[in-house]
Every structure is written in C-alpha cells, then in structure tokens.
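The values are calculated or read from the model by the stated rules, or taken from the named source; none is laboratory data. In this text the structure is predicted, and so the values were computed from the model without any measurement. So basically every Cβ, Gly included, is an ideal-geometry build from the backbone, and we count neighbours across all protein chains shown.
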C-alpha cells in the first residue's frame, strides 16, 4: 500500500467521509423521530380518528420498531428517495431540486463578492501589519461578523430598493427571466451575504499571508532585489492562496444552508425559504431531506477542497 | 479601585477597554431597565405610533406607539439571558466532551466523528430544525443553541487537551499516582482556560446573532416576548415609513456582538501572546 500514498490517502479520506455521512444520517433520523407532535396527526388534521392515524402509520411504516424504520429509511435514501413532502404532496428531492438554482446562484455570487473584498483587504492588512490600514480592515472584519444578516438585508433593501429604486425589493423575476435578469434580483441578497462573509476571508487571508511573508523564499526574493509588489503578489500571495481556496470552498458549502435568513428577507424561492416554510408547517420530510442534502454538500465540498489542497500544494503529504 | 495586573494589561489596548465598557453599559441598561426608562415596554399609545426620536421618546416609538428604548432595554434581558445560557451550556458540555476525547485515546475517534457530523450542518439551519422539532419556546431556543455550539467547543478543547496531555507535569502527576480525574480537573483543565474563555466570548456573540435570526424567522421565542430579534421581525413591514424601528434594535445587537468579539480577542492576546501575531 505504501507504494501508492495518494491512493491510500484518498481511500482513508473517502472512508472518513462515509463514516461522517452515516453519522449525519443517524443524527437526522434521531432528530426528526424525536420531534414533538406526531407528523401523521399533522398530516391528517384535527378531524382524524385514532383508526385513521393507525392506518396511515402502517402505510408509512411508522408502526414498526425504530431500528426497522431506520433500515427502511436508509434503503430509500440509497435509492435517492428522500420521501414525500406532507404539505406539498410531492417528492422532497423534486422540491429541493426546483429550489436549488436561486440558492446556488446566490451562494456563488456571494462568494465572489466575499473573495473580491476579503482577499485584497487581507493582503493589505498583512503587508501593513500593525498600521492604520491593518487596524481598519481587521476592525471592519470584526464588525462584519457582528452584523445580523436580516438586519443588514432590511437596511440595504430600504436604501437601495425602496429609497433609490436601483434594485428590485424582492423575488426572483418572472418564470421566463434570463440568467442576467435573475442575477440582477440577486445583487442585494448576494451583497448582504458576501459583505458579511468577507469578514472571515479577510481574517484568513491576513493570517495566511503573514505566515508566508515570514518564509525564507520571500526573504530571498527581496534579497534578489525584486520589487515589493512582485514579492507580495507573485511570491507570497500565490502560496498563501492555497488555504484561502479551502476556506472559500467551505464558505460556498455553508452559504447553501446558511442563506436561509437572507432568502427569507428578500423572498427568494430557494432552499432556505423552503426549509423555513417547512418548519412553520411542521413538514418533517422536507426538513429531514434539506438537512441531509446540505450536510452532504458540505462534507463533499470539504473532501474536494482537501484534495485540491494536496494537488495545489505539493508539500502537503498524503 | 485597583485592577488586577492581567486586566490592566488587557485594557491597555484601548479598543478592548471600549468594548468592555460598551458591554457593561448594555448589561446594566438591561438589568436596570425600569430605572433607565419610565415607559412600560408593552404600553401601546396609538396616537404616538411611529414617532421619530424625540425628547419624550429618545429612540422613537414603534407601530403600536410603544417606546423603543424601553423595548430594547427590557428586550436585552431576554436576548442576553438566552445567549448567556446557550454559551454556558455549550462551554460546559463541550469542554467535558473535548477533555474526554483529547485525553482518552479510545474515545477520541467516536466523539470526534460525531463532532464532525454535527459541524456539517450550517449553524442556523441546524438551530432552525432543532427548534422546529422541539417547539418554539425560550428554553428550547437555548437548548437548540447549546446543541449547535457544543461541537465547536469540543473541537477546540480536544485540540488543546492533546497538547497539554503530553506536557511533562502531566506525566509527573501520573508517575506519582495522581488519579485520572484529578489530573483532568486540577492539571489539564486550568491550562485550557485561555481557549475556553476565548470560545465563551465568541459563542456568546454568535448566540446573540443566532437568537435574533431565529426570532426574526418566526421560529425562535414566541413573538410576544420582546427580544431584539422579535422586535425587528415585528416591525419590518413599517421599515419604509420609520427606518429607526428596525435600525435601533439592530444597533443593540451589533454593539453587543462586536463588544463580545473584541473582548474575546483581548483575552486571546492576553493569555496566548503567540496567537497575536497570526490572527
């Protein structure tokens, strides 16, 4: 095995990922089964008799012991079946798929904004460490991490959508809207998510750059008489980018689920909005499915960024 | 009054001192809300609805004519209590799991994998799902936030325990026959206080933000309890007429969360000067 370190590393990471995913499934199952209020009673409403309830319980397999229920559920999962939404009367996978586009587009735009602000500010902060600019940017980063997203969204909406009418107040455009038109609807929500998440990117870029700027090869580059901008941008930033890319990847993953609040503020028909309405209607299959899918996306992106890390930085040992 | 040397050192950074003062003001205003304002947070006065900030109502009134300062001051009691309980709960439970995972090699893998699994859910999504499952109430919000933040604490404490466990004084304690419990309690735990305190202040800040977000979404504390989050949620449709009704509760949240994070930073610099360089 030692002859193929990359294969061994891949296999062990893959196994780790499978273990975590299995635990995620167990956690989601326990959580939803521990729910207060019987989902069947919710489904059937107040008029249902005890007989009705037991009949439907049998239909959904809820009369069986918990381990058996878990087995059935996992079997369904492995066939890509997340169950049916109680309220929407549709498969959960279909409901999630229909809502995936706005959320994914929002997350990508927000990460682009977060990186656009975070990386340059972080680099400047590191280069001018301890000086005014550094203190300003690190202060702003901390401020960004202290602002509630719903509040920032409401304020931006009042200023730029209601007041100046530069952007639409809410929604995602007509069903036949082009991608560009849709992106126009996402400018404000993506700004909210992007600006607030840039805080993390600033901190991370700064730390990563400070690490790299202390390295010998940076000193060598300076000793060779290279200009400071070449040293910072070509020699330091390129190497500092490796961990930054990892954080950006994880930020996309976290945003897909974390955009819940922003989507609600701006009335975007995304996954987050679906979850919030599912919670208000106690539509457990949707909550269960959304939790599983979002956690799976996080685990997979985590795995992929880890791989990318080893590919981009040859010093990382398998 | 003489401050201990460590506090003096921490407050030498003026911004940390300002943060501490701000936090103290927020806590005192909430504690002595009945002294700070003569208004009852639930008294409605329709004739004075949506009035601008003035001498009579320093921060203005909301859509039902309720005094905003009174609501923010009394609301702070709930927001701060929920966040403080969530931070305390997750620190206690997370430290316990982190210590056990870091010290007992056999338990490390199972605990760490559960922590990994729990941290695969975005904080807010997990909190929403938990409150949905438990039912909306103040105590359930606390419980949900404890569950959300416990893995975060456990991960940090585990990492620090792994380092401290290998230090010479632990080996020495073991060699002279000190019991495992005593090693953990008297020798390892005191050396973890720095990361634990830093985590506590950050989690307090995150919990303030998370509680507000949950209440805003309508899945947190019931809307009749005036927390900073429910205030923004209840008034948002009037924001275009009177921006201050969402502005001021938000500012209260920002001041509190920012002060807590700055304090956390100050504690980290004080207790662990090595970190100062990189972060």
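The table below lists the values:
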quantity: Helices (runs of 4 or more DSSP H) contained in region A:200-318 and holding at least 2 residues within 14 Å of chain B (Cβ to nearest Cβ); calculated: A:238-258, A:260-265, A:271-280, A:284-312
quantity: Residue in region B:93-105 that is assigned to a helix (DSSP H, G or I) and within 14 Å of chain A (Cβ to nearest Cβ) present; calculated: no
quantity: Sole residue being more than 10 Å from chain A (Cβ to nearest Cβ) and not in a helix (DSSP H, G or I), chosen from B:224, B:269; calculated: B:224
quantity: Index of the failed condition, residue B:135 passing every other in (1) within 14 Å of another protein chain (Cβ to nearest Cβ); (2) under 18 Å from the mean Cα position of the chain (by Cα); calculated: (2)
quantity: Residue in region A:121-138 that is within 22 Å of residue A:260 (Cβ to Cβ) and in a helix (DSSP H, G or I) present; calculated: no
quantity: Any hit, region B:55-68, residues being buried (at least 21 other Cβ atoms within 10 Å of the Cβ) and assigned to a helix (DSSP H, G or I); calculated: yes
quantity: Residue ID - surrounded by the most Cβ atoms within 10 Å (Cβ to Cβ), chosen from residues in region B:19-46 that are free of Cβ contacts under 8 Å to residues at least 40 places away in the same chain and in a helix (DSSP H, G or I); calculated: B:36
quantity: In region B:119-129, the residues that are crowded, with 22+ Cβ neighbours inside 10 Å and either more than 21 Å from residue A:22 (Cβ to Cβ) or more than 7 Å from every other protein chain (Cβ to nearest Cβ) (or both); calculated: B:124, B:126, B:127, B:128
quantity: Residue B:242, sole failed condition from (1) surrounded by fewer than 22 Cβ atoms within 10 Å (Cβ to Cβ); (2) in a helix (DSSP H, G or I); (3) within 14 Å of chain A (Cβ to nearest Cβ); calculated: (2)
quantity: Residue in region A:149-156 that is over 12 Å from residue A:268 (Cα atoms) and more than 23 Å from the chain's Cα centre (by Cα) present; calculated: yes
quantity: Residue among A:189, A:168 that is touching a helix residue (DSSP H, G or I) at 6+ places or on another chain (Cβ under 9 Å), more than 10 Å from chain B (Cβ to nearest Cβ) and in contact (Cβ under 8 Å) with a residue 24 or more places away in the chain; calculated: A:189
quantity: Residue in region B:31-46 that is within 25 Å of the chain's Cα centre (by Cα), within 14 Å of chain A (Cβ to nearest Cβ) and modelled with pLDDT of 75 or more present; calculated: no
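Residue-wise test of (1) part of a helix (DSSP H, G or I); (2) surrounded by 17 or more Cβ atoms within 10 Å (Cβ to Cβ); (3) at positive phi.
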| position | (1), (2), (3) |
| --- | --- |
| A:70 | yes, no, no |
| A:113 | yes, yes, no |
| A:143 | yes, no, no |
| A:147 | no, yes, no |
